[in-house]
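The values are calculated or read from the model by the stated rules, or taken from the named source; none is laboratory data. Since we're looking at a predicted model, the values are computed, not measured. Positions of Cβ are backbone-derived with ideal geometry, glycine not excepted, and every protein chain shown enters the neighbour counts.
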Amino acid sequence: MLASFLRTVAKVAVASLIVGTILAHFGITAEQLMSEVGLAPERVLELARRGLAWALPNLLLGALIIVPLWFIAYIFRPPGRSSE
């Protein structure tokens, strides 16, 4: 499952790099695109900070329950049985 996720992330990164290169060739910048939709770089950073400030405590709270449950399930799994 992790390998599939990493493959997907790599594909998205390569596709983004290709599209970014094509857009840069035509003189289109990220600042131009953001200004067209009404976003300033400072606003994007503020939204990212607010999102992280909301997500991080919830992520840690959920991990306090999920990680021990996963560990218990992992320990009590029958031997020789693969999760894939």
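The rows are residues; the columns are (1) more than 30 Å from residue 18 (Cβ to Cβ); (2) acidic (Asp, Glu); (3) surrounded by fewer than 11 Cβ atoms within 10 Å (Cβ to Cβ).
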site	(1), (2), (3)
33	no, no, no
40	no, no, no
45	no, no, yes
50	yes, no, yes
55	no, no, yes
63	yes, no, no
67	yes, no, yes
73	yes, no, yes
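Answer with yes or no whether residue 19 is at pLDDT 95 or above, on the phi < 0 side of the Ramachandran plot and under 20 Å from the mean Cα position of the chain (by Cα).
Working: at pLDDT 95 or above: yes; on the phi < 0 side of the Ramachandran plot: yes; under 20 Å from the mean Cα position of the chain (by Cα): yes.
Judged against the criteria, residue 19 is a match.
Report, by residue number, each residue of region 28-84 that is closer than 23 Å to residue 1 by Cα and either assigned to a loop (DSSP other than H, G, I, E, B) or in contact with an Asp or Glu (Cβ under 9 Å, 6 or more places away or on another chain) (or both).
The answer is 76, 77, 78, 79, 80, 81, 82, 83, 84.
Within region 1-12, can you find the residues that are of a type in the set (Gly, Ala, Ser) and surrounded by fewer than 10 Cβ atoms within 10 Å (Cβ to Cβ)?
3, 4
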